[in-house]
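Below you'll find the structure, written out as structure tokens, and then a few comments.
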Amino acid sequence: MEDNQNKHAQLLLYLISSFELAAMQYMGKIKNPLTDKIDKDLQQAQFSIDLLDMLSIKTKGNLSSDETKFLENVLGQLKLNYLDEMDREKKEAENKK
């Protein structure tokens, strides 16, 4: 049983990290490893963040304190970066006028 819990904890951290990586790529913060280019798509970034938000809501009360902190920290960091990118796009659009 303990082994299964450890496996599930590792898989959860992997899942969270996968969505975090996808969101960072879609925000243009890191290169896409497949294309070695910056692929910016803020709608897709928002989708990854929304999935993590849903995961947080659906797993509330079922995660260890470390898992909860990790998920909350990832979500907080992603949301701040997302807002930063939205502001950047807004300023770029205003400068083009």
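Bear in mind these aren't lab numbers, they're just calculated from the coordinates by the rules spelled out. No experiment lies behind these values; they were computed from the predicted model shown. Cβ sites come from the backbone with ideal geometry, for glycine too, and all protein chains shown count toward neighbours.
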Name the residue that is surrounded by the fewest Cβ atoms within 10 Å (Cβ to Cβ), counting only residues in the stretch 23-37 that are touching a Leu at 6+ places or on another chain (Cβ under 9 Å) and assigned to a helix (DSSP H, G or I). 24
Please enumerate the residues belonging to the stretch 38-74 that are in contact with a Phe, Trp or Tyr (Cβ under 9 Å, 6 or more places away or on another chain), part of a helix (DSSP H, G or I) and within 24 Å of residue 88 (Cβ to Cβ). 42, 43, 44, 45, 46, 47, 48, 49, 51, 52, 74
Just wondering, is there one or more residues in the stretch 42-62 that are of a type in the set (A, V, I, L, M) and loosely packed, with under 14 Cβ neighbours inside 10 Å? yes
Please verify whether residue 76 is exposed (fewer than 13 other Cβ atoms within 10 Å of the Cβ) and at positive phi, treating the condition exactly as stated. no
I'm trying to understand the selection: among the residues of the stretch 1-37, which are β-branched (Val, Ile, Thr) and touching a residue at least 12 places away in the same chain (Cβ under 8 Å)? 16
